[in-house]
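> Here it is, the structure, as structure tokens.
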Amino acid sequence: MTVQYPRRQQQLENFVTRLGIQADDRFQWKLLDLALTHSTMSAENNYEQLEFVGDAVVKLASAEFLLKRFPDLKVGDFTALRSQLVSDRSLSEVADDLGFDRYLLVGGSAAADRAGRMSRLADSLEAVLAVLYLSTQDLHWIHPWLDPLFLRQSEAILADPARQNYKAALQNWTQGTWKTLPEYRSWESKPIHDDPERFTAEVWIRSECCGTGLGRSIKAAEQAAAQIAFMKFTVSDRSA
């Protein structure tokens with residue numbers, strides 16, 4: 001069944017076409033409308049419940065993709081890679097590539113909140129995945145457009161010596177080299193809610209600040225600081 005307003009229906013149909021989906025009578029257009037509606041537009045009719053379902057769907061879709069595309073990976077590598085693919089950062093990049101901002105209904109206050117954009121995009125993508133799964137009870141409307149985006153991200157992660165987890169990589173390096181652990185000092189440096197990178201972190205190793213990073217959260221800032229330190233040390237090793 002289509003949505004009430006023809007203009008919104010056309011917008012949703014354009015979105016589905018963008019995904020390369022040939023929608024049939026099973027397609028649940030009203031659910032898709034909810035999946036692309038933020039809570040600032042409607043406190044009751046929004047994507048939050050669908051996001052709950054979509055969280056499970058994206059994990060299943062990424063697991064099937066990894067097993068098919070990288071069958072020789074060890075289980076630990078599967079788990080680490082999947083955690084990267086289903087992270088807010090990764091999912092928001094997928095949603096951004098697909099132009100979700102054109103279709104996601106967001107209230108004025110949230111629309112001005114740049115810091116929350118990543119989580120909005122990731123959450124709405126999960127909600128859309130839920131709609132596609134609930135419409136068909138399988139993933140055949142998902143894999144054709146999601147797998148190529150997952151492949152691009154997976155290849156970038158696998159080509160990265162730190163697997164894009166620089167805190168873990170730095171910790172392994174410092175333990176192996178100096179038998180010590182990095183120490184992080186983090187704070188909110190820019191208390192402006194529309195600044196997407198308002199947190200700062202420093203990583204200290206053997207009483208020396210080895211990297212400073214900015215991020216949307218303390219965790220992201222610490223990752224940025226760890227990346228600077230890890231690259232500095234490993235580049236030095238390779239050039240020695």
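> Residue check: is T200 more than 16 Å from the chain's Cα centre (by Cα), farther than 22 Å from E51 by Cα, modelled with pLDDT under 95 and in a loop (DSSP other than H, G, I, E, B)? Before the answer, list the steps.
Details: more than 16 Å from the chain's Cα centre (by Cα): yes; farther than 22 Å from E51 by Cα: yes; modelled with pLDDT under 95: yes; in a loop (DSSP other than H, G, I, E, B): no.
Taking the combined requirement at face value, the residue does not satisfy it.
> Shifting gears a bit: What residue, among those in the range 2-21 that are among the hydrophobic types (A, V, I, L, M, F, W, C) and modelled with pLDDT of 95 or more, is surrounded by the fewest Cβ atoms within 10 Å (Cβ to Cβ)?
Applying the first criterion (among the hydrophobic types (A, V, I, L, M, F, W, C)) to the range 2-21 yields 3, 12, 15-16, 19, 21.
Then drop every residue that is not modelled with pLDDT of 95 or more, which leaves 12, 15-16, 19, 21.
Values: L12: 21, F15: 20, V16: 19, L19: 15, I21: 17.
For the range 2-21, the residue satisfying everything is L19.
> OK, next. Which numbered condition in (1) loosely packed, with under 12 Cβ neighbours inside 10 Å; (2) modelled with pLDDT under 90; (3) not charged (D, E, K, R) is the only one that W178 fails?
Condition not satisfied by W178: (2).
> Identify all residues within the range 89-110 that are open to solvent by less than 80 Å² (accessible area, probe 1.4 Å), free of Cβ contacts under 8 Å to residues at least 40 places away in the same chain and farther than 18 Å from L139 by Cα; write none if there are none.
Correct list: S92, D96.
> Read through the list (1) closer than 17 Å to A224 by Cβ; (2) open to solvent by 50 Å² or more (accessible area, probe 1.4 Å); (3) not in a helix (DSSP H, G or I), then give the number of the only condition that H140 fails.
With respect to (1) closer than 17 Å to A224 by Cβ; (2) open to solvent by 50 Å² or more (accessible area, probe 1.4 Å); (3) not in a helix (DSSP H, G or I), H140 is out only on (1).
> Okay, moving on. Taking the range 22-50 on its own, how many of its residues are part of a loop (DSSP other than H, G, I, E, B), surrounded by fewer than 18 Cβ atoms within 10 Å (Cβ to Cβ) and not hydroxyl-bearing (S, T, Y)? Steps first, answer last, please.
We begin by selecting, within the range 22-50, every residue part of a loop (DSSP other than H, G, I, E, B); these are 22-28, 36, 38-47.
Checking which are surrounded by fewer than 18 Cβ atoms within 10 Å (Cβ to Cβ) leaves us with 22-26, 28, 39-45.
The next check asks that each one be not hydroxyl-bearing (S, T, Y); those that pass are 22-26, 28, 41, 43-45.
Counting residues in the range 22-50 that are part of a loop (DSSP other than H, G, I, E, B), surrounded by fewer than 18 Cβ atoms within 10 Å (Cβ to Cβ) and not hydroxyl-bearing (S, T, Y) gives 10.
> Within the group L50, L36, L32, which residue is touching a strand residue (DSSP E or B) at 6+ places or on another chain (Cβ under 9 Å) and under 19 Å from A95 (Cα atoms)?
Only one candidate qualifies: L36.
> Right, another one. Which residues, counting only those in the range 203-227, are over 18 Å from T180 (Cβ atoms), outside any strand (DSSP E or B) and not hydroxyl-bearing (S, T, Y)? Show your work before the answer.
Our first condition is that a residue be over 18 Å from T180 (Cβ atoms); within the range 203-227, this holds for 212-221, 223-224, 227.
Pick out the ones that are also outside any strand (DSSP E or B) and you get 216-221, 223-224, 227.
Within the range 203-227, R216, I218, K219, A220, A221, Q223, A224, Q227 meet the criteria.
> Please give the number of the condition L134 fails out of (1) more than 17 Å from the chain's Cα centre (by Cα); (2) farther than 16 Å from D55 by Cα.
Among (1) more than 17 Å from the chain's Cα centre (by Cα); (2) farther than 16 Å from D55 by Cα, the lone unmet condition for L134 is (2).
> So, one more: Restricting to the range 56-88, give me the number of residues that are buried (at least 18 other Cβ atoms within 10 Å of the Cβ) and touching a residue at least 60 places away in the same chain (Cβ under 8 Å).
9
The values are calculated or read from the model by the stated rules, or taken from the named source; none is laboratory data. Being a predicted model, the structure only gives us computed values, none of them experimental. For neighbour counting, all protein chains shown are included, and Cβ atoms are generated from backbone atoms with ideal geometry for every residue, glycine included. Heavy atoms of the whole protein, side chains included, go into the accessibility calculation; ligands, DNA and RNA do not. Shrake-Rupley method; radii C 1.70, N 1.55, O 1.52, S 1.80 Å.
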